[in-house]
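First the structure, in the form of structure tokens, and then the observations on it.
The values are calculated or read from the model by the stated rules, or taken from the named source; none is laboratory data. Nothing here was measured: the structure is a model prediction, and the numbers come from that model. All Cβ positions, even for glycine, are placed from backbone atoms using ideal geometry, and neighbour counts span all protein chains on display. SASA here: full protein model, heavy atoms, side chains in, ligands and nucleic acids out. Shrake-Rupley method; radii C 1.70, N 1.55, O 1.52, S 1.80 Å.
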Amino acid sequence: MTTGDPGAGAGLPPLVAAQHRAMPFTRLTDCGMDPADARRLLTDTTAGIPWPDAAAAIADTQLERARSAQAAGHHATARQAYRFASAALMFAQMAYQNDTPEKRELYARHTAATAALAPGVERVEIPHRDGVLGGWLSLPATVPPRATVLVWGGLSGWGAAYLALADAYTARGLACLLAEGPGQGESRLRHGLYVDEHVTDGFARFVDLAEADPRLGGAIGVQGVSFGGLFAAHLAAADPRVGAVVVNGAPAVPAVPEFRTAREQMAAVVGSDDLGRVAEVMDSLRFDPDKHRIGCPLLLLHGGRDPLARHEDQEPFLRAADPATSAVRIWPDGEHTLYNHAAERDALTGDWFSDVLAGRATPKR
């Protein structure tokens, strides 16, 4: 899906141009790639190296760097290299819209690279239906945490893609759980859990986990990035345990995309090649402020140069919330989900969650 500069990739073969638009430099670095690796990836793919091969080669270099540093006792360097490898593998698998064996293998390698960050990043797994939902938990130095924030992505970037966001939150005394919900990450690729009319139930399982873990204190906030903002809004409207919600670059009325690659991506999330079934699921996820009311504080983020979610596409979320406790932050030059304002965006939401959630009790069912 196109997310960056519409003019990016001019003069390139159509597939490469689409990949450069969907995964521009700002997105690559926002989701954790070493800036030098990000430049290399764009350069190598411009030169004709297939995207997944170029990204996997970069990951291999970082993994070798990590192992060498670990063997020499340089553990901080090893952790840095594992994070860079994790990000490169995240973007390697994005080249495949459908759930091919190659995509599954690359995502499994991404998961393994992220797991090497333990104990600083902890893998969590939650039984759900006939599968398992996964995620990554980061804890702050303060004990107990001031509050817990659950974060998830959308159609293509999931879980550990948001490690930098988790850093911003733990620095502010918040625990952060990076979720791979239904239709995302290992939850989908390994365990066969997809987006359907009851997807909110799956995301609510992460609230269950946050409530049950004795290490996690305070209220619970949720944040959805891109299409995941729609899931976050639905959960905030349905579950009184959610104490605050951030929606970043989400459509309130999802539809089957016009472009083939985007349709394939959405079909993979639903787990069906039947476009009628995909449209049926999207229609069930329509967020109607007359039916869905958000009772907790809401922060809506928007980029003025976002080609996927216009401001008017997100206004239903605002209409569903209390004007006295809702806020909007717009960056006129902001790209999709504000890749190009990542540090400021994460500081803003971290401070907002801290202010809104700290000291607030978590409602029980």
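Report, in deg cm²/dmol and to the nearest 500, the calculated mean residue ellipticity at 222 nm for the chain, where each DSSP H run with n ≥ 4 adds -39500 (n - 2.57) and the sum is divided by the residue count. Don't skip to the end; give the middle numbers.
On the way: 14 runs with 167 residues, N = 365.
Mean residue ellipticity, 222 nm, calculated: -14000 deg cm²/dmol.
Among Arg129, Arg104, Arg190, the order of accessible area from largest down is Arg190, Arg129, Arg104, computed with a 1.4 Å probe on protein heavy atoms.
Note that the range 301-316 has calculated 3J(HN,Hα) couplings of 10, 8, x, x, 10, 7, x, 9, 9, 6, 4, 5, 5, 9, 4, x Hz, one per residue in order, obtained from phi through the Karplus relation 6.51 cos²θ - 1.76 cosθ + 1.60 (θ = phi - 60°); glycine and proline are x.
Summing Lys, Arg as +1 and Asp, Glu as -1, what charge do residues with Cβ under 12 Å from the Cβ of Leu117 carry, Leu117 excluded? Net local charge, Leu117 excluded: +1. Note on Val269: accessible area is roughly 0 Å² with a 1.4 Å probe, heavy atoms of protein only.
Springs join every pair of Cα atoms under 10 Å in this Gaussian network model of the chain, and among Ser284, Ser187, Ser354 the largest mean-square fluctuation is at Ser284.
The calculated Kirkwood hydrodynamic radius for the range 96-166 is 13.9 Å, given to one decimal from all distinct C-alpha pairs. Once all protein chains are placed together, Trp51 keeps about 0 Å² accessible to a 1.4 angstrom probe. Calculated from the structure at hand, Cα Rg over 2.2 N^0.38 Å is found among (i) 0.93; (ii) 0.97; (iii) 1.21 as (i). With Cα atoms as the point set, the range 2-150 shows a radius of gyration and Dmax of 17.0, 53 Å.
Taking R0 as 25 Å, what FRET efficiency do you get between Ala343 and Glu315 from their Cβ-Cβ distance, rounded to the nearest 0.05? That pair, Ala343 with Glu315, gives E of 0.40. Value of Rg to Rh for the range 93-232, rounded to two decimals, is 0.95; Kirkwood radius and Rg both from alpha-carbon coordinates. For the residues Thr45, Thr26, Thr61, a GNM of the chain with alpha-carbon springs under 10 Å puts the largest fluctuation on Thr61.
How high is the FRET efficiency between Glu122 and His74 when r is their beta carbon distance and R₀ equals 30 Å, given to the nearest 0.05? Don't jump to the answer; show the numbers that get you there.
Numbers: r = 22 Å, r/R0 = 0.75.
According to the calculation, E is roughly 0.85.
One Cα centroid belongs to the range 52-70, the other to the range 139-196; the line between them spans 24 Å.
If R0 equals 22 Å, the separation of the Cβ atoms of Arg263 and Arg286 corresponds to a calculated FRET efficiency of about 0.75. Of all DSSP-defined beta bridges confined to the chain, some 30% are antiparallel rather than parallel.
Within the set of other residues whose C-beta is less than 14 Å from the C-beta of Tyr82, count the net charge using Lys and Arg as +1 and Asp and Glu as -1. Local charge sum for Tyr82: +2. Using 0.36 nm per residue and subtracting the Cα-Cα separation, the extra length available between Arg293 and His198 on full extension is 32.5 nm.
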